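Heads up, the thing below is written out as structure tokens.
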Amino acid sequence: MRRKLAAGNWKMNGLRAALAEAEAITAAAAADGPEVLLCPPATLLAPMAAQAEGTALQIGGQYCHPAPSGAHTGHVSAPMLRDAGASYVIVGHSERRQDDGERDADVRAQTLAAWQAGLTAIVCVGETEAERDAANTLAIIGGQLAGSIPDTATGANLVVAYEPVWAIGTGRVPSVDQIGEVHDFIRARLEQRFGEGVGRSVRLLYGGSVKPGNAAEIFAVSNVDGALVGGASLTAADFTGIIAALG
Ligand code: PGA
């Protein structure tokens, strides 16, 4: 049985005052319910982790450098995330692939660094609108999976998030058939490469404009084990609605 996961990606949002929102979200995280994860900006990692201590809320980073330390101004490493209280890290988000030029090989190196530090990596994949229009979606996703995920994946160290680039922050969501097609494809690829045991144990999240109003429909799709949520994870009112749809 794969435990459901509701992951919130706060992106570059949140000052210390937003810790109150995280506290309200913590109340919806129960040990016997879906796993709840918040990935705040790096500045809020340590205080949010301290606030979450003794609760079921998990904390994660949004990126990590491939190296554990060094002369890389402005970056953050996987051991630093771990040290601040993180147990997860998002890697290969499409905004980093687009804004920071990250390629599959970079994402793969970051994933290895995350594993080395004892973090679970949430590896993001997804097609652009032009790629979908050209009927290239599965080829693109297959390439990203092959290039971004290292060979030593397990159900414990890896989560895959399918996030169509055109659905992120746009209010546009693929049809349940489109989501199901890609999630079934990802599951099959993972089983082929890592064997049925590992392939079936990796959790697959859908991400892109998930809201309380569409969450239940999305979570009913086969091989959707939860969501990676941006905008709707910033407020407890919205995010707890999504968590409830998962539970
Ligand atoms: P969104 O972002 O929920 O605001 O569309 C999702 C994501 O980028 O993970």
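The values are calculated or read from the model by the stated rules, or taken from the named source; none is laboratory data. Treat the numbers as computed from the prediction; the structure is a model and nothing was measured. All Cβ positions, even for glycine, are placed from backbone atoms using ideal geometry, and neighbour counts span all protein chains on display.
Yes or no, residue by residue, for (1) over 23 Å from G61 (Cα atoms); (2) modelled with pLDDT under 95; (3) surrounded by fewer than 21 Cβ atoms within 10 Å (Cβ to Cβ):
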{"site": "H93", "(1), (2), (3)": "no, no, no"}
{"site": "R96", "(1), (2), (3)": "no, no, yes"}
{"site": "R103", "(1), (2), (3)": "no, no, yes"}
{"site": "A113", "(1), (2), (3)": "no, no, no"}
{"site": "G118", "(1), (2), (3)": "no, no, yes"}
{"site": "V125", "(1), (2), (3)": "no, no, no"}
{"site": "T128", "(1), (2), (3)": "yes, no, yes"}
{"site": "L138", "(1), (2), (3)": "yes, no, yes"}
{"site": "G147", "(1), (2), (3)": "no, no, yes"}
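Taking the listed residues G180, G171, the one that is within 17 Å of I218 (Cβ to Cβ) and within 16 Å of the ligand (Cβ to nearest atom) is G171, with no other qualifying.
Restrict the check to the range 139-157 and report whether at least one residue is within 11 Å of the ligand (Cβ to nearest atom), under 27 Å from D106 (Cβ atoms), part of a loop (DSSP other than H, G, I, E, B) and of a type outside the set (D, E, K, R). No, because not a single residue in the range 139-157 is within 11 Å of the ligand (Cβ to nearest atom), under 27 Å from D106 (Cβ atoms), part of a loop (DSSP other than H, G, I, E, B) and of a type outside the set (D, E, K, R).
Taking the criterion of being in contact with a helix residue (DSSP H, G or I) (Cβ under 7 Å, 6 or more places away or on another chain) and of a type in the set (S, T, Y), the residues of the range 39-70 that qualify are T55, Y63. Candidates are the residues of the range 2-18 that are more than 16 Å from the ligand (Cβ to nearest atom) and in a helix (DSSP H, G or I); the one that is surrounded by the fewest Cβ atoms within 10 Å (Cβ to Cβ) is A17.
None of A86, A121 is in contact with a strand residue (DSSP E or B) (Cβ under 7 Å, 6 or more places away or on another chain) and in a loop (DSSP other than H, G, I, E, B) except A86.
Number of residues in the range 19-58 that are of a type in the set (A, V, I, L, M, F, W, C), under 18 Å from the mean Cα position of the chain (by Cα) and in a loop (DSSP other than H, G, I, E, B): the value is 3. Considering only residues in the range 159-178 that are of a type in the set (A, V, I, L, M) and in contact with a helix residue (DSSP H, G or I) (Cβ under 8 Å, 6 or more places away or on another chain), the one that is farthest from V107 (Cα to Cα) turns out to be V176. Of all residues being out of contact with any strand residue (DSSP E or B) (no Cβ under 6 Å at 6 or more places or on another chain) and part of a helix (DSSP H, G or I) in the range 63-83, which is surrounded by the fewest Cβ atoms within 10 Å (Cβ to Cβ)? Just the residue, please. Per the stated criteria, the residue is D83. Among the residues of the range 225-241, those identified as away from the ligand (no atom under 11 Å from the Cβ) and among the hydrophobic types (A, V, I, L, M, F, W, C) are A236, A237. In the range 225-246, the residues that are outside any helix (DSSP H, G or I) form Cβ pairs under 6 Å with partners that are within 12 Å of the ligand (Cβ to nearest atom) and of a type in the set (S, T, Y), at six or more places apart or across chains, as follows: A227/Y206. The residue of the range 193-224 that is farthest from the ligand (Cβ to nearest atom), among those that are outside any helix (DSSP H, G or I) and among the polar types (S, T, N, Q), is S222.
Here A216 fulfils each of the conditions (1) surrounded by fewer than 23 Cβ atoms within 10 Å (Cβ to Cβ); (2) within 18 Å of the chain's Cα centre (by Cα); (3) farther than 22 Å from Q58 by Cβ apart from (2).
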